[in-house]
């Protein structure tokens, strides 16, 4: 992880991110199902946080869950943090970048082995870097 967390003002985030990226990453929104550029990606590489560049997921952990968002069964060690999310009348576990605290998506306990986890992540919160 980076040595220091980026401390950006709301204005800086708004300047850096597109409207959709800002809504998802800073206001905890969700992109439309099957609309993201990484949903069907199967290239080898790493997925970085669009907010700070931290490596969050490796392509080896990505799988097709059919949910409409990129899904991973594991995150990089200490790259993401989780917290309870009770919005919209649901009880879910939110996933955020541990470095810049950008909202990434949610994690569920219905994924494949070896972890049994499904990190359901918004494409707009990710940048892909080829291996």
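The values are calculated or read from the model by the stated rules, or taken from the named source; none is laboratory data. This structure is a prediction, so every number in the text was calculated from the model and none was measured. Positions of Cβ are backbone-derived with ideal geometry, glycine not excepted, and every protein chain shown enters the neighbour counts.
Quick notes on this structure:
Here is a yes/no grid of residues against (1) farther than 14 Å from residue 121 by Cα; (2) in contact with a strand residue (DSSP E or B) (Cβ under 7 Å, 6 or more places away or on another chain):
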{"residue": "10", "(1), (2)": "yes, no"}
{"residue": "19", "(1), (2)": "yes, no"}
{"residue": "31", "(1), (2)": "no, no"}
{"residue": "34", "(1), (2)": "no, no"}
{"residue": "73", "(1), (2)": "no, yes"}
{"residue": "78", "(1), (2)": "yes, no"}
{"residue": "85", "(1), (2)": "yes, yes"}
{"residue": "91", "(1), (2)": "yes, no"}
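- Taking each residue of the stretch 31-44 that is outside any loop (DSSP other than H, G, I, E, B) and looking for partners that are at pLDDT below 95 with beta-carbon atoms closer than 9 Å, six or more apart or interchain, yields nothing.
- All positions within the stretch 99-131 that are out of contact with any strand residue (DSSP E or B) (no Cβ under 7 Å at 6 or more places or on another chain), closer than 20 Å to residue 67 by Cα and in contact (Cβ under 8 Å) with a residue 60 or more places away in the chain: 123, 124
- Condition met for residue 24 (in contact with a strand residue (DSSP E or B) (Cβ under 9 Å, 6 or more places away or on another chain), touching a residue at least 12 places away in the same chain (Cβ under 8 Å) and either part of a helix (DSSP H, G or I) or farther than 21 Å from residue 111 by Cβ (or both)): yes
- The number of residues in the stretch 71-98 that are surrounded by 13 or more Cβ atoms within 10 Å (Cβ to Cβ) and either without any contact (Cβ under 8 Å) to a residue 12 or more places away in the chain or more than 12 Å from the chain's Cα centre (by Cα) (or both) comes to 4.
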